[in-house]
1. Kindly provide the set of residues from segment 165-183 that are assigned to a loop (DSSP other than H, G, I, E, B), under 16 Å from Ala226 (Cα atoms) and open to solvent by less than 50 Å² (accessible area, probe 1.4 Å), ordered by number.
2. Given the residues Val21, Val40, which is the only one that is assigned to a strand (DSSP E or B) and open to solvent by 40 Å² or more (accessible area, probe 1.4 Å)?
3. Within segment 50-64, which residues are away from ligand 3 (no atom under 16 Å from the Cβ) and closer than 23 Å to Cys98 by Cα?
4. Which ones in segment 185-229 are under 13 Å from Leu247 (Cα atoms), of a type in the set (A, V, I, L, M) and assigned to a helix (DSSP H, G or I)?
5. Would you confirm, using the coordinates I've provided, whether His190 is touching a Pro at 6+ places or on another chain (Cβ under 8 Å), more than 16 Å from ligand 4 (Cβ to nearest atom) and either among the hydrophobic types (A, V, I, L, M, F, W, C) or open to solvent by 20 Å² or more (accessible area, probe 1.4 Å) (or both)?
6. Could you check Val206 against (1) hydrophobic (A, V, I, L, M, F, W, C); (2) farther than 18 Å from Glu239 by Cβ; (3) in contact with a strand residue (DSSP E or B) (Cβ under 7 Å, 6 or more places away or on another chain) and say which number it fails?
7. For segment 63-86, how many residues meet the condition of being within 16 Å of ligand 4 (Cβ to nearest atom) and not aliphatic (A, V, I, L, M)?
8. If you take the residues of segment 172-197 that are among the β-branched types (Val, Ile, Thr) and at pLDDT below 85, which of them is nearest to Asp157 (Cα to Cα)?
Amino acid sequence: AKERGRNNWQMYSEDLTHQAVERLKLENDIRKGLERGEFVLHYQPIVDTADSRIVGVEALLRWQHPERGLLEPSAFIPVAEESGLIIPLGHRALDAACAQGAAWQRAGIAPARIAVNLSGSQLRMPDFTHGLMALLAHHGLDAGRLVLELTEGLVMDGDPAIAAELHRLRAAGVHFALDDFGIGYSSIAHLKRLPIGSLKIDRSFVHGLFDNPNDAGITTAILAMARHLGLDVVAEGVETAAERDFLREAGCRTMQGYLFSPPRPAAEMETLLRDALRE
Ligand code: C2E
Ligand code: CA
Ligand code: CA
Ligand code: CA
């Protein structure tokens with residue numbers, strides 16, 4: 001038994017070593033990928049279902065990995081968050097989205113809003129507001145076109161420095177959306193204190209609409225609350241016409257999901273934006 005125990009322990013420790021080595025390798029690869037410009041943005045339309053207009057796009061990071069192909073954020077964001085690499089990576093995303101938004105603005109095809117996901121560590125960087133304003137000016141993107149998507153954890157921690165930062169950015173024209181709404185502990189008191197203009201209903205609720213009575217109930221309650229607080233709502237992850245119809249019945253007009261379009265490379269998104277104007 002003693003020997004088995006020792007073997008198990010050995011296997012366990014080898015496994016941990018293996019994991020640590022893999023993690024370090026991934027960290028290094030992210031660093032190299034940043035230097036080589038392997039991170040790109042895809043864009044997913046946000047649609048007003050009343051008239052099918054594209055009212056916004058969400059920028060989503062992809063990694064064009066030299067060996068592994070196109071990787072989604074789940075393959076690198078967690079390690080980027082833990083290692084602090086999310087700061088340069090997030091900056092790259094903001095920079096690319098502002099450049100793209102400004103180019104679309106000059107071409108007269110920009111959607112009203114361009115949403116970018118923001119990590120808490122980015123917002124906690126000293127001088128984030130100043131840096132972002134400089135970035136907008138550098139690219140020539142109107143601040144009022146930019147939406148920063150924040151997660152509940154960040155917003156709910158009640159840090160007055162964060163709240164002050166959000167108010168400064170809002171005064172400069174930037175909009176805020178609360179992402180993945182409903183899965184954490186959002187307090188309405190906080191929502192009222194912060195300059196948040198919209199909520200994004202987490203896609204897990206949308207998927208459960210017809211299987212889980214709780215999900216339908218929560219979704220309806222979120223929509224009612226948002227109406228009372230004067231907040232816009234975007235439903236995420238809408239995949240079927242039945243989900244769209246349920247949400248519209250419940251009073252939600254603005255949606256995002258595979259039913260409308262998957263996230264697309266910038267050039268494809270641009271074609272969509274031009275086609276929409278021609279109609
Ligand atoms: P998110 O902000 O909740 O983004 C929405 C995710 O839902 C995207 O996953 C999108 O591809 C996916 N999605 C869209 N429509 C549907 C649908 O109809 N069904 C389903 N099942 N999924 C749908 P993606 O691109 O894999 O991104 C995952 C997460 O990575 C994002 O979740 C966001 O939290 C994070 N992320 C992406 N880009 C950035 C970034 O630039 N900075 C930071 N900090 N996080 C990012
Ligand atoms: Ca995905
Ligand atoms: Ca988001
Ligand atoms: Ca989300």
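The values are calculated or read from the model by the stated rules, or taken from the named source; none is laboratory data. Just so it is clear, the structure is predicted and the values come from calculations on it, not from any experiment. Cβ atoms come from the backbone with ideal geometry, glycine included; neighbour counts cover every protein chain shown. Heads up: the accessible areas ignore ligands, DNA and RNA and are worked out on the full protein's heavy atoms, side chains in. Shrake-Rupley method; radii C 1.70, N 1.55, O 1.52, S 1.80 Å.
1. Residues of segment 165-183 assigned to a loop (DSSP other than H, G, I, E, B): 172-174, 182-183.
In the following step, the residues that additionally are under 16 Å from Ala226 (Cα atoms) were identified as 182-183.
Result: Gly182, single match.
2. Val40
3. So in segment 50-64, the residues away from ligand 3 (no atom under 16 Å from the Cβ) come out as 50-54, 63-64.
Once the filter is applied, which keeps residues that are away from ligand 3 (no atom under 16 Å from the Cβ) and closer than 23 Å to Cys98 by Cα, segment 50-64 yields Arg53, Ile54, Trp63, Gln64.
4. Selection gives Val206, Ala216, Ile218, Ala221, Ile222, Leu223, Ala224.
5. Numbers: touching a Pro at 6+ places or on another chain (Cβ under 8 Å): no; more than 16 Å from ligand 4 (Cβ to nearest atom): yes; either among the hydrophobic types (A, V, I, L, M, F, W, C) or open to solvent by 20 Å² or more (accessible area, probe 1.4 Å) (or both): yes.
For His190, the condition - touching a Pro at 6+ places or on another chain (Cβ under 8 Å), more than 16 Å from ligand 4 (Cβ to nearest atom) and either among the hydrophobic types (A, V, I, L, M, F, W, C) or open to solvent by 20 Å² or more (accessible area, probe 1.4 Å) (or both) - is not met.
6. (2) is the only condition that Val206 fails.
7. Of the residues in segment 63-86, the ones within 16 Å of ligand 4 (Cβ to nearest atom) are 72-74, 77-78, 81.
Right, trim to not aliphatic (A, V, I, L, M) and you get 72-74, 78, 81.
Counting residues in segment 63-86 that are within 16 Å of ligand 4 (Cβ to nearest atom) and not aliphatic (A, V, I, L, M) gives 5.
8. Going residue by residue through segment 172-197, those that are among the β-branched types (Val, Ile, Thr) are 174, 183, 188, 196.
Next cut, at pLDDT below 85 only: 183, 188.
Details: Ile183: 15, Ile188: 13 Å.
Residue satisfying both the conditions and the ranking: Ile188.
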